[in-house]
Amino acid sequence: MAAANTVIRLSGLDKTYLMGRNEVHALRDLDLRIDAGEMVAVMGASGSGKSTLMNIVGCLDRPTSGTYELDGERVEGLDRNRLADIRNRRIGFVFQGFNLLSRTSAQENVELPLLYDRSDRGLDPVAAARRALERVGLGDRRDHQPNELSGGQQQRVAIARALVTEPSLLLADEPTGNLDSNTSIEVLALFQELNAQGLTIVMVTHETDIARYARRIVELRDGRLVRDEPVPDRRSAKDDLTALAAA
């Protein structure tokens, strides 16, 4: 059993795909631990295993062998329904493409995950969505549709949607990939604020400059972990925004 403050523990993780008669090893003997309150950037070239790792951590895929504990619970062998419950309750997802419903208000977009919440927590979708939007600074944009929002605001709605179920883990896949530099820093400032409040964040990025806003960098190469170290001279997105405004 993992320690109480460990959110992710991967041990001896392998993932192999069959491509015709050939085996493709996407992950090889991977050991990784991420504790509560960390903000980790996952880096690596195309084909390094980043997406496979995120899919397994997000309970969207299963390892071929090895173990995965989420909040101390072994999840690699659970059935599809149980994995869906875990995704809905414990994990928030943020994607590069926002994935918002185009003719639906920000409020209704954020409420959406709670429509599939089969737990007994009794969360009020309307109230929970309002809290989540206020948390990302969009309390006054609840009735706006995506086409009435900037790219940065759309990503904030997507982040609010990820937060509405009160997850213990936020997974972000290239969350600044569709944003300009200034808007990217605004989103990273929000991530750093949420992380400071105790939310564990794992973020895939191919940009070294973006990774420097995390607390720790994990790098994959050919499915193997080749780097795992704290970020030296971690950047403050809030300070960078202040500097940009002054300039």
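The values are calculated or read from the model by the stated rules, or taken from the named source; none is laboratory data. All of these numbers come straight from a predicted model, not from anything done at the bench. Here the Cβ is made from the backbone with ideal geometry for all residues, glycine too, and neighbour counts use every protein chain on show.
Condition first: in contact with an Asp or Glu (Cβ under 6 Å, 6 or more places away or on another chain), closer than 15 Å to Ile8 by Cβ and aromatic (Phe, Trp, Tyr). Can you find one or more residues in segment 80-102 that meet it? No, there is no match, as no residue in segment 80-102 is in contact with an Asp or Glu (Cβ under 6 Å, 6 or more places away or on another chain), closer than 15 Å to Ile8 by Cβ and aromatic (Phe, Trp, Tyr). Taking the criterion of being outside any helix (DSSP H, G or I), in contact with a helix residue (DSSP H, G or I) (Cβ under 9 Å, 6 or more places away or on another chain) and within 19 Å of Asp180 (Cβ to Cβ), the only residue of segment 217-247 that qualifies is Arg235.
Based on what the data block shows, is Ala129 part of a helix (DSSP H, G or I), in contact (Cβ under 8 Å) with a residue 12 or more places away in the chain and over 29 Å from Arg9 (Cα atoms)? Criteria met by Ala129. Val204 falls short on exactly one of the conditions (1) β-branched (Val, Ile, Thr); (2) surrounded by fewer than 17 Cβ atoms within 10 Å (Cβ to Cβ); (3) at pLDDT 95 or above, and that condition is (2). His25 meets the conditions (1) surrounded by 14 or more Cβ atoms within 10 Å (Cβ to Cβ); (2) under 30 Å from Gln197 (Cα atoms); (3) at pLDDT 90 or above; (4) more than 19 Å from the chain's Cα centre (by Cα) in every case but one. The failed one is (2).
Looking only at residues that are more than 20 Å from Ala84 (Cα to Cα) and small (Gly, Ala, Ser) in segment 103-127, which one is surrounded by the most Cβ atoms within 10 Å (Cβ to Cβ)? Going through the qualifying residues, I end up with Ala106. Tell me which residues, restricted to segment 1-22, are of a type in the set (S, T, N, Q), more than 18 Å from Arg227 (Cα to Cα) and within 23 Å of the chain's Cα centre (by Cα). Of everything in segment 1-22, those that are of a type in the set (S, T, N, Q), more than 18 Å from Arg227 (Cα to Cα) and within 23 Å of the chain's Cα centre (by Cα) turn out to be Asn5, Thr6.
Highlighted here are the helices (runs of 4 or more DSSP H) found entirely within segment 1-118 that include at least 1 residues which are farther than 25 Å from Thr208 by Cβ and of a type outside the set (D, E, K, R): 80-90, 106-111. For segment 69-82, what are the residues that are surrounded by fewer than 18 Cβ atoms within 10 Å (Cβ to Cβ) and either in contact with a Pro (Cβ under 6 Å, 6 or more places away or on another chain) or at negative phi (or both)? Of everything in segment 69-82, those that are surrounded by fewer than 18 Cβ atoms within 10 Å (Cβ to Cβ) and either in contact with a Pro (Cβ under 6 Å, 6 or more places away or on another chain) or at negative phi (or both) turn out to be Glu73, Arg74, Gly77, Leu78, Asp79, Arg80, Asn81, Arg82. Checked against the criterion of being assigned to a helix (DSSP H, G or I) and either of a type in the set (A, V, I, L, M) or modelled with pLDDT under 95 (or both), the candidates Ala214, Ala172, Ala189 yield just one match: Ala189. In segment 196-216, of all residues being of a type in the set (D, E, K, R) and more than 15 Å from the chain's Cα centre (by Cα), the one that is farthest from Asp180 (Cα to Cα) corresponds to Arg212.
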